[in-house]
């Protein structure tokens with residue numbers, strides 16, 4: 001399916017259609033939606049304990065507060081809903097069901113135990129404070145390593161040693177090849193627990209409609225999966241629930257979940273036939289939106305004296321939190337970390353054991369990059385260590401191990417196919433852009449220049465994008481389809497309406513999908529309008545997460561566009577008395593090749609298709625000018641990039657400054673370079689935050705100690721450098737359109753590159769940096785102890 | 001959270017010990033104490049209003065005395081529920097010794113907070129605790145030295 005001879009909209013830096021309204025403050029988020037008169041405001045009572053029995057709940061004072069409509073406990077609502085159950089058909093996984101409102105027991109601080117419905121949010125909040133819950137506090141398992149020891153408190157009685165998922169893998173020749181390497185290095189890499197922290201917290205507005213239906217406005221990335229999840233857990237048909245996604249102020253995977261609050265709000269709307277509204281505050285957001293990346297990699301490589309890796313083995317622990325989230329469950333970080341760690345490197349002999357550990361902390365989920373930032377940090381950190389060990393430049397170690405053009409298509413040790421890529425080219429281009437060789441030449445042995453340690457770090461990464469149905473089947477995720485779809489119609493006026501199965505949280509879909517349609521349909525882009533995020537009008541699909549829309553939705557849109565373009569060609573050929581092959585469709589007209597004044601407009605073609613004129617359709621042609629197409633993309637479409645970062649670490653206070661950050665990115669065929677750059681900017685900013693400051697801190701009792709943005713540090717403009725981005729385009733050949741996903745790459749590449757740059761800066765004084773976040777206190781203590789050791793020598 | 005300190009009091013060990021076991025003295029010395037009553041010989045029930053940064057709460061809880069060594073010291077175990085604001089619990093070992101004409105009071109205290117207090121108050125909790133402690137000892141010192149003056 002080739003693009004029409006036309007257009008050239010794909011590849012253009014078109015301004016985002018979304019931005020005018022958003023920049024003028026005319027966006028409409030959940031909290032901006034018009035509130036109906038008899039609205040009830042919902043608020044949740046959250047557990048202050050990480051692990052406790054609920055002995056009693058006294059709601060009498062709250063009930064008698066004027067303006068309070070009702071108070072419900074978990075026990076009251078249990079008959080209205082099934083426990084949230086995430087089915088994963090994967091050996092080693094054990095489900096850990098969650099009651100949307102806990103009863104009997106709470107398993108993390110922030111777990112919801114009761115709700116108030118009131119006339120306004122203030123009263124609801126006051127009523128919350130009047131509810132007295134009596135708990136019997138139980139010992140908590142918080143740290144992953146402690147939690148899997150025998151005798152640790154159990155999060156779920158049926159899950160022994162809190163191992164909620166266990167995976168393992170070994171290539172046939174592993175033992176022999178691993179033993180054959182002349183050198184070995186073992187390292188432990190640790191990443192801090194972080195969260196997506198979207199600017200707009202979550203919220204929903206449920207409106208009763210008709211006799212037994214609701215319209216459910218919610219700040220989500222996955223309208224279809226939310227609808228299906230609500231229908232299933234509330235015992236309703238999908239037809240009784242319409243999910244509508246308003247403007248969403250950031251998703252990052254945080255909103256690719258069905259959350260208990262949504263189940264409760266929908267259940268109460270069905271029960272009471274009253275509109276229900278809930279918008280979380282920042283504390284709730286930090287306590288209860290999925291967390292991620294409390295990961296521990298014990299990685300060992302075996303390698304030859306030339307730096308070539310012979311074999312690699314990994315033990316990975318990921319912290320699942322208290323429950324398996326819906327619909328992704330608690331296995332993705334574990335399987336992802338252990339399978340994607342191979343990156344663009346020729347590692348043929350590999351063995352892993354990986355564990356997802358349940359703890360009495362907020363459930364973990366699929367935050368941007370999932371396990372890729374952490375596993376690339378381990379992999380790329382290990383390549384640097386090989387270089388330092390052998391005295392080979394780290395860039396050269398990568399060149400000796402990276403998959404070459406002659407290796408393509410490459411299949412990894414765990415069986416993932418890379419069809420096309422530019423692993424060496426991105427690396428070389430990025431090194432050249434930052435002036436790597438000069439940097440190294442100028443860098444003194446102790447790395448110290450003017451009181452600051454200077455270092456440069458590399459991450460040469462892969463990003464798994466646009467996973468199709470076979471990928472989700474092989475990962476066992478029962479409720480995850482993998483396909484996406486588009487329904488395209490040329491209206492009777494000649495304008496084009498395209499409904500796609502996705503939902504946007506800032507990705508610019510309205511612009512990029514219009515670019516694809518304009519090219520493949522041959523439409524004038526001004527006439528193309530994209531609709532998404534509403535289950536009443538958007539066709540079924542897997543929605544928007546894991547860098548999938550361009551790949552999966554792009555393919556569906558190409559299919560629908562091509563189909564309708566073919567019909568336009570046939571109709572035009574019939575009228576213009578030419579052969580369909582000789583008809584060119586371009587910019588909203590169909591003309592005979594070489595004779596541009598012999599043409600029909602889309603409007604004229606549409607009038608024929610809709611029987612609105614005297615000209616009849618060609619024989620055998622159906623009415624209408626539309627197509628609905630599904631697309632199942634390849635198992636996975638692998639994008640890649642190289643990040644090279646130069647930093648200074650202040651020797652006095654351990655503060656890191658990023659001097660330069662170069663990205664050479666390859667997401668195949670670029671639809672809109674400006675939007676791709678924007679995705680890289682946002683992701684890289686989050687990667688820098690995760691590398692240098694972000695961390696959710698739990699104490700040993702499971703108390704979250706920083707549930708405010710004063711204490712959970714996010715990077716600001718002051719911390720973010722100017723990103724120097726360039727692109728190499730290596731289109732995928734396995735999928736339609738040549739597109740590869742780009743949503744997560746910025747984060748995946750930035751985190752390891754910053755870590756390696758800091759590690760490089762401090763390598764001159766013999767310091768080993770192997771964990772994030774690298775806050776000043778951590779780096780300062782490393783520098784101080786290195787100085788003390790140096791002094792002792 | 002740990003808090004260890006010592007205070008010199010201008011009063012005899014007997015006076016200090018008496019004050020440490022006197023309901024009214026304790027009530028007057030504890031900042032924000034609204035109610036205090038004896039449940040049994042070794043347990044008090046108290047209501048204390050407190051504020052940590054943006055979180056203010058009325059804690060209802062118990063204070064229990066153990067390892068009592070008359071004139072020398074005791075261990076206090078406290079537990080307070082502040083409703084939706086969270087909870088606090090902990091213990092403190094208090095030891096007395098002669099210090100010139102007066103008394104040296106040493107304490108070692110461990111406390112834990114949970115819920116909203118921990119979530120948004122952690123950054124402030126140490127300074128609030130040490131401020132509360134110093135306020136307590138200011139008031140307590142005032143009471144005992146006054147008593148001592150009267151006795152003299």
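Derivation of every value follows stated rules applied to the coordinates shown; laboratory data play no part. Being a predicted model, the structure only gives us computed values, none of them experimental. Here the Cβ positions follow ideal geometry from the backbone for every residue, glycine too, while neighbour counts run over all protein chains shown.
Computing FRET efficiency as 1/(1 + (r/R0)^6) for residue A:714 and residue A:38, where r is the C-beta to C-beta distance and R0 is 30 Å, gives about 0.20.
Ranked by how many other Cβ atoms sit within 10 Å of their own Cβ, fewest first, the residues A:270, A:328 fall in the order A:270, A:328. The C-alpha radius of gyration of the stretch A:625-745, expressed as a fraction of 2.2 N^0.38 Å, stands at 1.41. Using C-alpha pairs below 8 Å separated by at least 6 residues, the relative contact order for chain A is 16 percent. Taking the centroid of alpha carbons for each part, the stretch A:691-749 and the stretch B:97-147 are 43 Å apart.
Would you mind classifying the stretch A:440-518 by shape? Square roots of the alpha carbon gyration tensor eigenvalues, ordered a ≥ b ≥ c; an a/c under 1.5 is rounded, otherwise it is prolate if a/b is larger than b/c and oblate if not. Note, shape of the stretch A:440-518 comes out oblate. Extending 7 Å from the Cα toward the beta-carbon at both residue A:405 and residue A:175 defines two label points whose distance is 4.1 nm.
Separation of the stretch A:186-210 and the stretch A:519-543, taken as the distance between their Cα centroids, equals 27 angstrom.
Compared with the dominant principal axis of the Cα atoms in chain B, helix B:116-151 is inclined by about 20°. Beyond 25 Å, the tail of the calculated P(r) for the stretch A:365-486 holds 40 percent of the Cα pairs.
Of the beta bridges in chain A, as assigned by DSSP with both residues counted there, near 80 percent are antiparallel. Once C-alpha pairs closer than 8 Å and six or more residues apart are averaged by separation and normalised to the residue number of the stretch A:388-435, the relative contact order reads 27 percent.
On the beta carbon distance between residue A:697 and residue B:101, with R0 = 56 Å, the FRET formula returns roughly 0.75. Just to check, using Stokes-Einstein with a Kirkwood Rh over alpha carbon pairs, what's the diffusion coefficient of the stretch A:501-648 at 4 °C and 1.567 mPa s in µm²/s? Estimated via Stokes-Einstein, D reaches 75 µm²/s. Secondary-structure-derived ellipticity at 222 nm for chain A, considering helices only, amounts to -8500 deg cm²/dmol, per-run term -39500 (n - 2.57) for DSSP H runs with n ≥ 4.
Report summary: the helix-based calculation at 222 nm, which adds -39500 (n - 2.57) for every DSSP H run with n ≥ 4 and divides by the residues of chain B, gives -11000 deg cm²/dmol.
Classified by the C-alpha gyration tensor, the stretch A:465-568 has a prolate form. Its axis ratio a/c, with a ≥ b ≥ c, is 1.5 or above, and a/b is larger than b/c.
Looking at the calculated P(r) for the protein assembly as shown, what percent of the C-alpha pair distances fall above 58 Å? Summing the P(r) tail past 58 Å for the protein assembly as shown gives 18 percent.
How far is it, in nm, from the label point at residue B:67 to the one at residue A:492 when both lie 7 Å from their Cα along the line to the Cβ? In this crude label model, residue B:67 to residue A:492 measures out at 8.9 nm. For chain B, the convex hull spanned by the alpha carbon atoms encloses 95 Å³ per residue.
Once you order the gyration tensor axes a ≥ b ≥ c over the Cα atoms, which shape class does the stretch A:19-172 get: rounded for a/c under 1.5, otherwise prolate or oblate by comparing a/b with b/c? Verdict is oblate for the stretch A:19-172.
Once C-alpha pairs closer than 8 Å and six or more residues apart are averaged by separation and normalised to the residue number of the stretch B:2-151, the relative contact order reads 29 percent.
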